[in-house]
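Some notes on the structure that comes next.
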Amino acid sequence: YRLFPGTPKWRHHTLTYRIVKYTSHLSRAEVDHAVEMALSAWSSVTSLHFQKTFSGEADIRISFELGAHGDAYPFDGPRGTLAHAFAPAEGLGGDTHFDEDESWTMGTSGFNLFTVAAHELGHALGLAHSREPSALMYPTYKYRNPKGFKLPTDDVRGIQSLYGHATTK
Ligand SMILES: CC(C)C[C@H](CS(C)(=N)=N)C(=O)N[C@H]1Cc2cn(c3ccccc23)CCCCCCNC1=O
Ligand SMILES: [Ca+2]
Ligand SMILES: [Zn+2]
Ligand SMILES: [Zn+2]
């Protein structure tokens, strides 16, 4: 696994997240569910907790964006780059953007939202790309079945190096 230079990480272990803009490809409930499952993949192996908020500020702001959308990383249309997320920091840090031009799905056709969200949230928590091909933080998309998903060892080692392991109690 790899961390970002300077090892940016969240100082508090309860993080708020807010889904600011949804996609036309899926229902709100589907997006909420995919994001919730992606977050729990990370919280299940650490002492991190996530709280969904519906207004005001949040550590992790999630949105679907088209093309140029106000940050320095305009999206590129269908395929290519699927999403991006900012490393832990104030303001834009932690924010996660998905390319609205992709065919987002809850299944295996198009791009599986759970799979991409789990990868992006790894970045939002402080993980860079891994050289381990089996790692979730590997730079290229590979479908992961949300049912019975277990975080690969490399990713567990990385996130626990930042936030420790889940406390048993
Ligand atoms: C790991 C993801 C969930 C998130 C990353 C984005 S990020 C910033 N969070 N690391 C991603 O989108 N990777 C590209 C990488 C990529 C693969 N190709 C590309 C062609 C052009 C541009 C990028 C790519 C070859 C063709 C396949 C294109 C579709 C799949 N795209 C990818 O796998
Ligand atoms: Ca794209
Ligand atoms: Zn963006
Ligand atoms: Zn990535």
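Quick notes on this one:
- Scanning region 81-100 for residues that are closer than 16 Å to V31 by Cβ and among the aliphatic types (A, V, I, L, M) yields L82, A83, A85.
- Filtering region 9-60 to residues that are touching a Ser or Thr at 6+ places or on another chain (Cβ under 6 Å) and acidic (D, E) leaves only D59.
- Inside region 37-51, residues that are exposed (fewer than 15 other Cβ atoms within 10 Å of the Cβ) and under 16 Å from A124 (Cβ atoms) make up a count of 3.
- Within region 22-71, the residues that satisfy the criterion of being over 13 Å from the mean Cα position of the chain (by Cα) and within 16 Å of ligand 2 (Cβ to nearest atom) are T23, S24, H25, E65, L66, G67, A68, H69, D71.
Read-outs throughout are calculated quantities, based only on the coordinates presented, and are distinct from any laboratory measurement. Note that this is a predicted model, so its numbers are computed, not measured. We place every Cβ from the backbone using ideal geometry, glycine too, and count neighbours over all the protein chains shown.
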